[in-house]
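In what follows, a structure is listed as structure tokens, so that the remarks can point back to it.
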Amino acid sequence: MTRPVLPRSRALWNRPTCELGSDEVLAQLLDRGEMAAWRELYARARGDAALRRRIARLVRTVPLPLPRFWLAALASLGEAVDYDAPVPAYDADGV
């Protein structure tokens with residue numbers, strides 16, 4: 001079995017632990033995580049409906065760099081996704 005990647009993610013540079021139950025930590029991983037961390041999040045979300053719902057909520061309310069990527073990932077896991085729903089702008093110009 002491989003060691004979990006999430007606790008070692010560079011996205012959590014300012015966190016002493018990886019508390020995945022925290023929306024702040026989850027948003028930080030979605031925003032600044034590396035591909036290995038995202039793969040682990042996806043794998044965990046596959047078997048955790050509550051985690052999928054939290055990711056969906058964060059994607060719709062928190063400015064993230066790849067919101068449509070996460071919506072597509074959630075759809076691939078069977079979540080109902082409205083691709084036309086607005087998502088918060090990530091850049092300073094609001095685009």
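Scanning region 3-62 for residues that are part of a loop (DSSP other than H, G, I, E, B), in contact with a Ser or Thr (Cβ under 9 Å, 6 or more places away or on another chain) and modelled with pLDDT of 95 or more turns up Gly33, Glu34.
Based on this model, can you work out whether Pro67 counts as buried (at least 18 other Cβ atoms within 10 Å of the Cβ), farther than 23 Å from Arg8 by Cβ and not aliphatic (A, V, I, L, M)? Here the answer is yes, as Pro67 does meet what is asked. Show the residue pairs meeting these rules: Cβ distance below 7 Å; 6+ apart or different chains; first residue within region 18-41 and without any contact (Cβ under 8 Å) to a residue 40 or more places away in the chain; second residue of a type in the set (Lys, Arg) and part of a helix (DSSP H, G or I). That search, which allows pairs on different chains as well, returns Asp23/Arg54; Leu26/Arg54; Glu34/Arg10. Against the list (1) touching a residue at least 24 places away in the same chain (Cβ under 8 Å); (2) crowded, with 19+ Cβ neighbours inside 10 Å, the condition Leu12 fails is (1).
The values are calculated or read from the model by the stated rules, or taken from the named source; none is laboratory data. As the structure is a computational prediction, the values presented were derived from the model and not from experiment. A quick note on method: Cβ atoms are made from the backbone with ideal geometry, for glycine too, and the neighbour counts reach across all protein chains shown.
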